[in-house]
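The values are calculated or read from the model by the stated rules, or taken from the named source; none is laboratory data. Given the structure is predicted, the values throughout are model-derived calculations rather than measurements. Reconstructed Cβ throughout: ideal geometry from the backbone, glycine too, with neighbour counts over all protein chains shown. Side chains included, ligands, DNA and RNA excluded: accessible areas come from the protein's heavy atoms. Shrake-Rupley method; radii C 1.70, N 1.55, O 1.52, S 1.80 Å.
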Amino acid sequence: MKRKPRIALAQIMYFDIHDKNNLQKILEYIRAAKRESADIICFPETCVLREKYLHHGHPLLRIIKEECKKNNIWCIITDDFMHKKKLHNTSILINRKGEIKGLYRKIQPYAERGVTPGTRVKVFNTDFGRIGIAICWDLAFSHIFAGMKKLGAQIIFCPAQWAYEEKAHDKDHKRRELKLLRSLILARAFENLSFVAFCSPYRHEEDLLCYSAITSPHRILKEIVDKEGLICSDINLSELGVFKKIYPGK
């Protein structure tokens, strides 16, 4: 297991190359992450299809899996998947061989009509550490992250499309919501003594926050705001043992 894995987040613009899917953009960023020597790349929530939903044998997913194999990289893809006639917002974890090694279904949908909530926290073994996955509004629920910590998660990925309610703020809506979002990400990292990687899309909707960040329990390591791009950071997993000694009982 690598003690200093390198992780990448792709804050991509949706559907600016092809109006029905985002396949070419996803493939482009997988290759870019490989050039940056990343071990894993995470994409935002619902990033593949504009319409309908995916299934595990979907042609677009097969192409993404093959690209991961070509580039010897792990990948997290999140979209709506149909399973046993139920629609779930689902993250798929793909390994370096292009195989699906796990999936996580969002436990806390925000306002997605027709989406069935998941029921289980998941943590996965990789060749660079134990990782957990949450999706978007899950970030607001500390018990979900505590459950991943209990299962040994060292890095928790959170693909998202984080929108805000104007009625939640009397003024400076976007600035205040961004401050709140940063605080939530750092709080989840600190309270669980884990690294957290939060990944959003870049879109022009007024109520959407275009913000992605990689955080340690103490600080933001890399972030990107209001633009498209790839951010990467080396993660020193040995720091987690040091933090546990500093903060007994956590």
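Residues whose amide H falls under 5 Å from that of H83, counting only those 5 or more places apart or on a different chain, are H88, with hydrogens built in the peptide plane.
Of the peptides 31-38, 225-232, the ranking by mean beta-carbon count within 10 Å, highest at the top, reads 31-38, 225-232. Sorted largest first by accessible area at a 1.4 angstrom probe radius, with every protein chain in place, the residues W137, W162 fall in the order W137, W162. From the alpha carbon centroid of the range 13-51 to that of the range 149-221 is 20 Å. Charge dipole of the range 178-250 (Cα centre as origin; +1 on each Lys and Arg Cβ, -1 on each Asp and Glu Cβ, all else neutral): 440 debye, rounded to the nearest 20. Expressed in units of 2.2 N^0.38 Å, where N is the residue count, the Cα radius of gyration of the range 38-154 is 1.03. Shown here: the chain, whose C-alpha atoms stretch 49, 48, 35 Å along the first, second and third principal axes, sorted largest to smallest. A simple charge model with +1 on the Cβ of Lys and Arg, -1 on the Cβ of Asp and Glu and nothing else charged puts the dipole of the chain at about 1100 debye relative to its Cα centre.
Site pair F15 and A140 shows an inter-label distance of 2.5 nm when each label is modelled 7 Å from Cα along Cα→Cβ.
By the helix-only formula, in which each DSSP H run with n ≥ 4 contributes -39500 (n - 2.57) and the sum is divided by residues, the chain has a 222 nm mean residue ellipticity of -8000 deg cm²/dmol. For K174, the aspartates and glutamates whose Cα comes closer than 16 Å to its Cα, not counting residues fewer than 8 places off in the same chain, are E165, E166, E205, E206, D207, D226. A 1.4 Å probe run over the protein chains yields, for the range 94-207, 47 Å² of accessible area per residue, whole-number rounding.
Peptides 185-193, 127-135, 105-113, 40-48, ordered by how many other C-beta atoms sit within 10 Å of their residues on average, highest first, read 40-48, 127-135, 185-193, 105-113. Per-atom-type breakdown for the chain gives carbon and sulfur 49% of the accessible area (1.4 Å probe, protein chains only). In µm²/s, what is D for the range 166-250 at 37 °C and 0.692 mPa s, where D = kT/(6 pi eta Rh) by Stokes-Einstein and Rh is the Kirkwood radius from Cα pairs? The diffusion coefficient I find is 231 µm²/s.
The accessible area of M82, taken with all protein chains in place and a 1.4 Å probe, comes to roughly 60 Å².
Going down the list K70/K227; K65/K227; K4/K244; K101/K250; K34/K150, which pairs span over 24 Å between their C-alpha atoms? Listed pairs above 24 Å: K70/K227; K65/K227; K101/K250; K34/K150.
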